[in-house]
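Engineer: Below you'll find the structure I mean.
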Amino acid sequence: FKNDRFADKVETIFLKRKSDLDRVTYSLIRSKSRDKISELNIRLREEEDTFSELSSQFSEGVENVLNGLIGPIEISKVNPVIAERLKASKSGQLWPPFECEGWWVLLRHERFIPATLNLEMRNRLINELYEEWITVKIKNALNSLIESTKN
């Protein structure tokens, strides 16, 4: 049923949403201290330490458990401030320290993985279209039921 009903819409939906479905991998160090992030930035630029060493040792977020490495993750699921930088950067690019939601951040773009309309993506989009369709049907049925009980 899902394929019959929604397969012809998949390519259009994919093309419309492709930039949000692209995935990235990036490294992150964050701290409440601007001075600490500035010092870590210098150490990275002068290649005194690796990003993973500094992140596991100094990052104050959960990323320190993974040596600062995040992803692959869809760009639409990344914090918008960080996502904009990742969209505008190349693999290996280290961004100067910046503030994001009360944190000072060091960000390095690791890898860009473009979304492809393979079988897995096709099935995912068909399922999403179905879920949207069935949700509308259920809401309409509930609204009709509520209206009929009022009369």
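Engineer: Sort out the exposed loop trypsin sites (Lys or Arg not before Pro) in the chain (DSSP loop, at most 12 other Cβ within 10 Å) and tell me the longest stretch that has none. Let's see the in-between values first.
Structural biologist: Numbers: sites that count: Lys32, Lys90.
The segment 91-151 is the longest one with no such site.
Engineer: Which one, Ala83, Ala141, Ala115, has the greatest fluctuation when you compute a Gaussian network model over the chain with C-alpha springs under 10 angstrom?
Structural biologist: Of Ala83, Ala141, Ala115, the Gaussian network model singles out Ala141 as fluctuating most.
Engineer: Then there is this: Take peptides 53-60, 128-135 and line them up by average Cβ neighbours within 10 Å, highest first, as a rough protection proxy. Don't skip to the answer; put the middle values down first.
Structural biologist: Numbers: 53-60: 18.8, 128-135: 12.8.
So the order, starting with the most tightly packed, is 53-60, 128-135.
Engineer: Nearest 10 degrees, 0 to 90: what angle lies between the long axis of helix 34-45 and the longest principal axis of the chain (Cα atoms)?
Structural biologist: Rounded to the nearest ten degrees, it is 80.
Engineer: Right, next: Across the chain, how many lysine pairs separated by 8 or more positions, or lying on different chains, have Cα atoms within less than 25 Å?
Structural biologist: 21
Engineer: Sum -39500 (n - 2.57) across every DSSP H segment of at least 4 residues in the chain, then divide by the residue count to get the 222 nm mean residue ellipticity, nearest 500.
Structural biologist: Computed ellipticity for the chain at 222 nm equals -16000 deg cm²/dmol.
Engineer: If the convex hull of the alpha-carbon atoms of the range 28-151 is projected onto planes in all directions, what is the mean projected area in square nanometres?
Structural biologist: Hull-based average projected area comes out at 11.5 nm².
Engineer: For the range 47-134, what is the accessible area per residue in Å² when the probe is 1.4 Å?
Structural biologist: Heavy-atom accessible area per residue stands at 58 Å².
Engineer: For the chain, which whole percent of the accessible surface, found with a 1.4 angstrom probe, sits on carbon and sulfur atoms?
Structural biologist: 52
The values are calculated or read from the model by the stated rules, or taken from the named source; none is laboratory data. The shown structure was predicted, so the numbers you read here are calculated from the model rather than taken from an experiment. No Cβ is skipped: glycine too gets one built from the backbone with ideal geometry, and neighbour counts run over all protein chains shown. We work out accessible area using only protein heavy atoms, side chains counted, and drop any ligands, DNA or RNA first. Shrake-Rupley method; radii C 1.70, N 1.55, O 1.52, S 1.80 Å.
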